[in-house]
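Readers should treat all values here as calculations from the given coordinates under stated rules, not as data from a laboratory. Please read these numbers as outputs of a predicted model, since none were measured by experiment. Here the Cβ is made from the backbone with ideal geometry for all residues, glycine too, and neighbour counts use every protein chain on show.
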Amino acid sequence: MSKVLIIEDEVAIADLEKDYLELSGFEVEIETNGTTGLARGLTEDFDMFILDLMLPGMDGFEICKQIRQKKNTPILMVSAKKDDIDKIRGLGLGADDYITKPFSPSELVARVKAHLARYERLIGSNMVENEIIEIRGLKIDKTARRVWVGGEERQFTTKEFDLLTFLAQNPNHVFTKEELFNKIWDMESVGDIATVTVHIKKIREKIEFNTAKPQYIETIWGVGYRFKV
Ligand code: CA
């Protein structure tokens, strides 16, 4: 459940905002003092702030500035005067939205919802999931560079891992040993195409049930190798 902090000294307004937001499924807390409001905003986990401008302790301008230095949490600023909105914009404090009193509670709820949805998308897009390749019991976690066969983890050297991953990412494509060597080993590497053969053998020992009848990496005689899907 999304948690909203209202920093507002007019209790009637704060209560009204709280009621409407709670009806829309938000968890809401109220702070009536600017200093304590900022302290909670910085130390606790809120998903959104609704911030009044004129407050005892510390004004909304300063609170907004200080929260923005530490957090990306959306801030909706509330003011009784239209002039203040221009001032907020002019100061570039990093508020996400502005609303003037009096406002309709449903408009407030709509704005809170819109900002939370946008913020959640932003957070979501920053979370990078591990890139996983899964083929018939073989699981390759490209990000963590780990491999499992039938749920059991197997250890691979760097080049074995790179070679296996390259083949698995390009299934049903036949690569010559030369192509694989050029792809996986850099120019300075000592070795030749026999290195590829040796690595394929080692990979097969780790992933194949029967290396004489490989299920994953197939030998195409006279050409090279292919990852079967
Ligand atoms: Ca006020």
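Data for the structure
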{"item": "Among beta bridges that DSSP assigns inside the chain, antiparallel share in %, nearest 5", "result": "50"}
{"item": "For the range 7-48, size of Cβ-based charge dipole, Lys and Arg +1, Asp and Glu -1, in debye", "result": "100"}
{"item": "Interchain or long-range residues, amide H under 5 Å from residue 154's placed H", "result": "147, 148, 149"}
{"item": "Of the DSSP H helices in the chain, those whose Cα atoms cover at least 15 Å axially and whose Kyte score averages 1.0 or more", "result": "none"}
{"item": "Charged-residue dipole, Cβ positions (Lys, Arg, Asp, Glu), the range 132-227 about Cα centre, Debye nearest 20", "result": "280"}
{"item": "Of 123, 184, 67, the one that fluctuates the most in a GNM where the chain has Cα springs shorter than 10 Å", "result": "184"}
